[in-house]
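Reading through the structure tokens given below for one structure.
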Amino acid sequence: MTLLLRGPCRLLAPHRHATCRPRAGAVCTSPPSSRFIALPQRRNASSSSTDNNAQQQAPSPSPAPRRTRPKTALFFPGQGVQKVGMLAPWLEAFPTTAVPIVEEIDHIVGYRLSDVIANGPSKDLNLTPNAQPAIMATSILILRILEKEFGFKVDERVDFTLGHSLGEFAALVSSGYIEFEDSLHMVQKRAEAMADATRKAEEEYGGEYGMVAIVSEPPHMQQLIPAIEEFVGYGSEGGKSESAENRSPIEQVLIANVNSKNQIVLSGNIERIKTLVAHVRQFLGHDPRAVRLKSDSPFHSPIMKPAVGVMHRILNGRSRRVRGREGEDIVSWPGLVPCVSNVTARVFGSREEVKDLLARQCLETVQWWGSIKYLDQEEKVRRWVGIGPGKVGRNLVGKEVGMRGKDAVKGGGVWAITDPSEIEEVLRGLEETENLVEEAE
């Protein structure tokens with residue numbers, strides 16, 4: 001494999017931060033390939049604009065047929081990455097941009113969520129109705145800072161977006177399917193419905209509910225998933241709204257996330273999860289590590305079924321919070337960039353599919369590993385940028401695609417922007433891999 005790269009990284013200094021500013025380019029695809037070559041300078045802004053206009057008029061968002069850079073994916077984190085004070089570095093570094101966004105966040109949710117994020121305590125921030133809006137809003141705030149302070153344009157620099165569970169809402173905002181105001185309102189109502197469903201299960205049936213990550217060696221995972229499905233009596237695919245609904249919540253345990261080749265997450269009654277893990281250790285002959293997650297609800301389990309109805313009602317309604325879009329469909333189609341669904345591990349194919357899958361996502365298994373494999377192996381994505389609090393997403397992606405930071409061998413990299421101090425490294429990494437593309441055989 002031969003790698004060539006021409007052209008220095010251009011260091012710019014927007015506002016206070018010197019950084020490597022990305023150049024404009026078109027959203028596009030590459031043909032099958034086996035090695036990398038260097039290309040000339042990117043096309044000028046006028047040709048990029050023409051490509052973008054043509055893309056927005058197409059029946060569905062899809063990369064253009066020619067490429068001038070490696071394919072790039074933007075991904076966003078889910079619940080559990082929340083941290084008291086996570087907005088502070090952004091407010092300090094970029095007050096002009098960040099302060100109005102924080103004020104908008106508080107206005108949309110109807111209370112000073114920013115105070116909970118800033119001051120906690122952690123037990124309050126960790127509550128689902130606070131944690132979910134806080135994480136999603138922080139992720140979009142970081143993206144807006146990149147756009148305004150550094151000229152980063154998703155529709156010019158990114159080929160696919162995706163988000164882990166809750167992060168899918170930020171992904172849909174970033175790729176132009178749902179406006180921030182509508183999405184944050186949805187996240188708030190979704191979180192309230194999830195918390196209410198858990199409370200009702202506890203009151204009616206007793207028990208403690210939550211989520212537990214199961215970490216095992218990859219060879220054992222192939223046995224582990226069917227063993228769990230056999231133990232609980234039904235599989236996660238297609239069964240959460242049918243066979244599962246006749247069981248009491250105290251009996252319900254399902255696979256909530258398939259995160260990587262060696263990690264899944266179980267959701268449901270904690271005691272039953274413990275029993276299941278003991279069963280696995282006894283009958284499968286290995287000892288997977290079980291880690292209780294920072295979650296007060298059993299997400300992606302049948303207990304969440306009421307939240308699906310809430311989401312369907314909102315998604316089938318009209319936008320009421322976005323100036324200039326009053327009365328319009330809450331989902332725009334096509335979007336600017338293809339977005340990968342958690343449920344199918346494939347790109348959303350229509351407006352109606354966005355509405356259906358985004359609502360069902362409350363209940364269904366998050367196919368994160370499948371999504372990363374699809375983008376890596378089938379779409380040949382070579383650059384991955386995580387935006388939002390925490391680095392769990394970056395670690396999961398990096399584990400699957402075999403990269404950390406810039407990887408000259410693979411012609412791409414895996415990065416995360418969780419703090420202002422990381423922006424320069426990420427934008428420089430994108431700039432330095434900008435002219436690498438895969439050569440057609």
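The values are calculated or read from the model by the stated rules, or taken from the named source; none is laboratory data. If you're wondering where the values come from, they're calculated on a predicted model, not measured in any experiment. FYI the Cβ positions are ideal-geometry reconstructions off the backbone, even for glycines, and counts take in every protein chain you see. Surface accessibility is based on the protein's heavy atoms, side chains included, excluding ligands, DNA and RNA. Shrake-Rupley method; radii C 1.70, N 1.55, O 1.52, S 1.80 Å.
So which helices (runs of 4 or more DSSP H) are wholly in segment 263-376 and hold at least 2 residues that are closer than 30 Å to Lys399 by Cβ?
On the way: elements: 270-283, 305-315, 351-360, 368-373.
Answer list for segment 263-376: 270-283, 351-360, 368-373.
I need the full set of residues from segment 202-222 which are in contact with a Lys or Arg (Cβ under 9 Å, 6 or more places away or on another chain) and small (Gly, Ala, Ser), in order please. So that I can check it myself, show each step before the final result.
Here is the first cut: in segment 202-222, the residues in contact with a Lys or Arg (Cβ under 9 Å, 6 or more places away or on another chain) are 207, 210-216, 218, 221.
Once the filter is applied, which keeps residues that are in contact with a Lys or Arg (Cβ under 9 Å, 6 or more places away or on another chain) and small (Gly, Ala, Ser), segment 202-222 yields Gly207, Gly210, Ala213, Ser216.
Report, by residue number, each residue of segment 163-191 that is open to solvent by 10 Å² or more (accessible area, probe 1.4 Å) and of a type in the set (Phe, Trp, Tyr).
Phe180
Would you please list the contacts, defined by Cβ atoms under 7 Å and residues six or more apart or on different chains, that run from a residue in segment 350-361 that is closer than 20 Å to Met304 by Cβ and touching a residue at least 12 places away in the same chain (Cβ under 8 Å) to a residue that is open to solvent by less than 10 Å² (accessible area, probe 1.4 Å) and assigned to a helix (DSSP H, G or I)?
From segment 350-361, the pairs are Lys355/Leu315; Leu358/Glu168; Leu358/Met311; Leu358/Leu315; Ala359/Met311; Ala359/Leu315; Gln361/Glu168.
Can we say Glu237 is at pLDDT below 95, over 13 Å from His300 (Cα atoms) and open to solvent by 10 Å² or more (accessible area, probe 1.4 Å)?
No, not satisfied.
From the list Ser301, Ser319, Ser350, which one is of a type in the set (Gly, Ala, Ser), at pLDDT 95 or above and either within 30 Å of Thr72 (Cβ to Cβ) or crowded, with 20+ Cβ neighbours inside 10 Å (or both)? Break it down stepwise before answering.
Working: Ser301 fails: at pLDDT 95 or above; Ser319 fails: at pLDDT 95 or above.
Result of the check over Ser301, Ser319, Ser350: Ser350.
Looking at segment 260-271 only, could you name the residues that are buried (at least 19 other Cβ atoms within 10 Å of the Cβ) and within 28 Å of Tyr205 (Cβ to Cβ)?
Matches in segment 260-271: Ile264, Val265, Leu266, Ser267, Gly268, Asn269.
All but one of (1) open to solvent by 10 Å² or more (accessible area, probe 1.4 Å); (2) touching a residue at least 12 places away in the same chain (Cβ under 8 Å); (3) in a helix (DSSP H, G or I) hold for Glu202; which doesn't?
Of everything listed in (1) open to solvent by 10 Å² or more (accessible area, probe 1.4 Å); (2) touching a residue at least 12 places away in the same chain (Cβ under 8 Å); (3) in a helix (DSSP H, G or I), Glu202 misses just condition (2).
State all residues of segment 276-293 that are exposed (fewer than 15 other Cβ atoms within 10 Å of the Cβ), in contact with a helix residue (DSSP H, G or I) (Cβ under 9 Å, 6 or more places away or on another chain) and either within 30 Å of Lys83 (Cα to Cα) or modelled with pLDDT of 90 or more (or both); if no residue qualifies, say none.
Arg292 - this is the single residue of segment 276-293 that is exposed (fewer than 15 other Cβ atoms within 10 Å of the Cβ), in contact with a helix residue (DSSP H, G or I) (Cβ under 9 Å, 6 or more places away or on another chain) and either within 30 Å of Lys83 (Cα to Cα) or modelled with pLDDT of 90 or more (or both).
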